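Here the structure comes first, spelled out in structure tokens, and everything after it is commentary.
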Amino acid sequence: MVPEALFFSAVLFVIGVVGVLTRRNAILIFMCVELMLNAVNLSFVAFSRLHGVGGQVFVIFVMTVAAAEAAVGLAIIISIFRHHESVDLRNVNLLKG
Amino acid sequence: MTHGLLFQFHFYLFGLLAIAGSLLFVTRKSPVAAALWLVNVMFCISAMFVMLDAQFIGAIQVLVYAGAIMVVFIFVVMLLNLGHPAEVQDLRSNGTRITAGLVGLAMLAEVLVLSRVKLPVELPAPTPGANVTASVADVLFHQYLLPFELTSVLLLAAIVGAVVLAKRRS
């Protein structure tokens with residue numbers, strides 16, 4: 001059961017990475033990051049079958065961080081939208097040399 | 001520990017549903033459709049948590065991820081009126097797409113290499129009727145008490161930060 005869970009987790013993570021790299025919509029990129037966090041949680045739970053419940057405790061921490069990240073990130077997206085009237089990340093190139 | 005064939009079949013079923021849902025999720029144009037597919041993926045992952053004897057985490061996954069975080073996402077999509085698919089020319093240029101494909105293939109190759117690693121022996125599964133939530137709470141409130149308290153500071157900072165960032169400046 002554990003190797004299969006790790007395999008599914010890896011595939012979901014890779015799908016999330018490809019999504020982050022290919023999309024331009026800031027909200028969709030953010031949702032892909034959530035998918036990656038979910039995939040990592042799946043590995044944590046799978047490894048908690050091997051090493052005890054510490055992995056499940058870490059999943060709780062990851063969820064807390066994900067909730068905080070969603071709140072702050074979506075607030076940033078809202079202020080970007082106020083500034084540019086769009087969530088297209090091509091507009092956000094202030095740090096481009 | 002060996003499970004019945006039906007159990008394994010359902011585990012594979014949920015895993016394949018999660019992969020299919022996430023593929024549909026990354027290819028949708030409309031943010032609302034993508035968010036709903038992501039909720040679907042989260043339910044499948046929650047089912048896998050339960051099958052891996054992490055019932056409490058499975059319940060939290062549904063409540064926090066599918067129930068709270070995704071609602072915030074959908075709420076922002078609604079607030080900014082982004083539901084129309086064609087507004088953002090969404091996919092990046094061909095070069096970036098090829099890079100993404102190569103990165104994806106490289107990571108899948110890593111998975112194939114890592115799949116040769118021998119895993120340690122599984123711990124015995126909790127006996128039916130055992131208090132699985134209490135075992136998580138025991139570790140959380142003894143060994144990880146300080147990180148647990150620190151997350152409350154993190155959440156407070158996140159709330160204040162979100163309000164400050166999203167407040168309309170007059």
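The values are calculated or read from the model by the stated rules, or taken from the named source; none is laboratory data. Values in this document were obtained by computation on a predicted structure and should not be read as measured data. Note that we place each Cβ from the backbone using ideal geometry, even for glycine, and neighbour counts take in every protein chain shown.
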- Sole residue being closer than 14 Å to A:V45 by Cα, buried (at least 16 other Cβ atoms within 10 Å of the Cβ) and hydroxyl-bearing (S, T, Y), chosen from B:S22, B:S46: B:S46
- Taking the residues in region A:16-32 that are among the hydrophobic types (A, V, I, L, M, F, W, C) and in contact (Cβ under 8 Å) with a residue 24 or more places away in the chain as candidates, determine which candidate is nearest to the other protein chains (Cβ to nearest Cβ). A:I27
- Failed condition for B:R169, given (1) at pLDDT below 90; (2) farther than 24 Å from B:Q55 by Cβ; (3) at the interface with another protein chain (Cβ under 8 Å from one of its Cβ atoms): (3)
- Item | Residue check for B:V88: in the same structural domain as B:G21 (by TED's automatic domain parsing) and at pLDDT below 90 | yes
- Item | Residue selected from region B:1-19 under the condition assigned to a loop (DSSP other than H, G, I, E, B) and loosely packed, with under 13 Cβ neighbours inside 10 Å, by the criterion farthest from the other protein chains (Cβ to nearest Cβ) | B:G4
- Note on the structure: Conditions (1) without any contact (Cβ under 8 Å) to a residue 12 or more places away in the chain; (2) more than 8 Å from chain A (Cβ to nearest Cβ) -> B:P126 fails only (1)
- Message: Residue under question is B:L63, and the condition is that it be facing chain A (nearest Cβ under 10 Å) and either without any contact (Cβ under 8 Å) to a residue 12 or more places away in the chain or not in a helix (DSSP H, G or I) (or both); does it hold?
- Response: yes
- Name the pairs: first residue in region B:109-120 and under 13 Å from A:L6 (Cβ atoms) and within 10 Å of chain A (Cβ to nearest Cβ), second residue exposed (fewer than 11 other Cβ atoms within 10 Å of the Cβ) and among the charged types (D, E, K, R), Cβ to Cβ under 6 Å, at least 6 apart or on different chains? none
- Item | All positions within region A:57-97 that are small (G, A, S) and part of a helix (DSSP H, G or I) | A:A66, A:A67, A:A68, A:A70, A:A71, A:G73, A:A75, A:S79
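In region B:73-80, is there at least one residue being more than 9 Å from chain A (Cβ to nearest Cβ) and modelled with pLDDT of 80 or more?
Within region B:73-80, one or more residues are more than 9 Å from chain A (Cβ to nearest Cβ) and modelled with pLDDT of 80 or more.
Would you point out which residue out of A:S9, A:S43 is in a helix (DSSP H, G or I), over 11 Å from the mean Cα position of the chain (by Cα), buried (at least 22 other Cβ atoms within 10 Å of the Cβ) and more than 7 Å from every other protein chain (Cβ to nearest Cβ)? Walk me through it before giving the result.
On the way: A:S43 fails: buried (at least 22 other Cβ atoms within 10 Å of the Cβ).
None of the others qualify; the one that does is A:S9.
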